1. Out of everything in region 31-45 that is small (Gly, Ala, Ser), touching a Lys or Arg at 6+ places or on another chain (Cβ under 8 Å) and over 15 Å from residue 77 (Cβ atoms), what residue ends up being surrounded by the most Cβ atoms within 10 Å (Cβ to Cβ)?
2. So the check is Cβ under 8 Å with 6+ separation or different chains; which pairs have a first residue in region 1-30 that's surrounded by fewer than 16 Cβ atoms within 10 Å (Cβ to Cβ) and a second one that's part of a helix (DSSP H, G or I)?
3. Please indicate, with yes or no, whether at least one residue in region 93-113 is in contact with a helix residue (DSSP H, G or I) (Cβ under 9 Å, 6 or more places away or on another chain), aromatic (Phe, Trp, Tyr) and not in a helix (DSSP H, G or I).
4. Condition first: more than 24 Å from residue 83 (Cβ to Cβ) and touching a helix residue (DSSP H, G or I) at 6+ places or on another chain (Cβ under 7 Å). Now tell me which residues in region 114-145 satisfy that.
5. Of all the residues that make up region 61-79, how many are farther than 16 Å from residue 21 by Cα, outside any loop (DSSP other than H, G, I, E, B) and modelled with pLDDT under 95?
6. Taking residue 21, is it more than 19 Å from the chain's Cα centre (by Cα) and of a type in the set (Gly, Ala, Ser)?
7. Please work out which one of (1) in a loop (DSSP other than H, G, I, E, B); (2) touching a Pro at 6+ places or on another chain (Cβ under 6 Å) is the condition residue 44 fails and give its number.
8. What is the residue count in region 88-103 for residues that are farther than 21 Å from residue 147 by Cβ and buried (at least 18 other Cβ atoms within 10 Å of the Cβ)?
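The values are calculated or read from the model by the stated rules, or taken from the named source; none is laboratory data. All figures in this text were calculated on a predicted structure; none of them were measured in a lab. All Cβ positions, even for glycine, are placed from backbone atoms using ideal geometry, and neighbour counts span all protein chains on display.
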Amino acid sequence: MKHTLSVLVEDEAGVLTRIAGLFARRGFNIESLAVGPTEQAGISRITMVVPVEERTIEQLIQQLYKLINVFKVKDITNIPSVERELMLIKVNATPDNRAEVMQVVQVFRARIVDMSEDTVTVEIVGDPGKMVAIIQMLNKFGITEMARTGKIALTRESRVNTEFLKSS
């Protein structure tokens, strides 16, 4: 199962290296990683997605707490959260198919940030599912390059689970 961890750390050189080393030593892959400052000066939030079993995630959380500079670790996998990613994707867009590509971009509320005679570069922000969906739709035109950030997430104070709302 994929787990999303939100880790608050001291904003200091080497903290990310120690965390990545902890995962590497235990043979675990970090599937997604995003790091940035928080609302509090000197503290950064690391959001990571790790594919591990339920019993293993608890051990990893305990190991993270043992590292110097780690203040708080939270597994937000099953907690209602707002999740976002940013993706830039360059797609073949010839005069013959450009209108169709632009239609797909519009449906996903993405935006074109660069255009040449043969390609368009699209910027899209959304949850991970939206990223997968637009990739599937743009694949038929030919994706030439893609850059994707790691997932960032904050828990919902409202406690409203949007996954539940989607299935209603």
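1. Of the residues in region 31-45, the ones small (Gly, Ala, Ser) are 32, 34, 36, 41-42, 44.
This time we only want the ones that are touching a Lys or Arg at 6+ places or on another chain (Cβ under 8 Å), so: 32, 34, 36.
Within this subset, residues satisfying the condition of being over 15 Å from residue 77 (Cβ atoms) are 34, 36.
Values: 34: 17, 36: 10.
If we take residues in region 31-45 being small (Gly, Ala, Ser), touching a Lys or Arg at 6+ places or on another chain (Cβ under 8 Å) and over 15 Å from residue 77 (Cβ atoms), then 34 is surrounded by the most Cβ atoms within 10 Å (Cβ to Cβ).
2. 1/54; 26/60; 26/63; 28/56; 28/60; 29/23
3. yes
4. Hits for region 114-145 are 120, 141.
5. In the first step, residues of region 61-79 are kept if they are farther than 16 Å from residue 21 by Cα; the result is 71-79.
Next, from what is left, pick out any that are outside any loop (DSSP other than H, G, I, E, B): 71-75.
Now drop any that are not modelled with pLDDT under 95, which leaves none.
Looking only at that region, the number is 0.
6. Details: more than 19 Å from the chain's Cα centre (by Cα): yes; of a type in the set (Gly, Ala, Ser): yes.
Judged against the criteria, residue 21 is a match.
7. All conditions pass for residue 44, except number (1).
8. As a first pass, look at region 88-103 and keep what is farther than 21 Å from residue 147 by Cβ: 94-100, 103.
Narrowing further to those that are buried (at least 18 other Cβ atoms within 10 Å of the Cβ): 98.
Count: 1.
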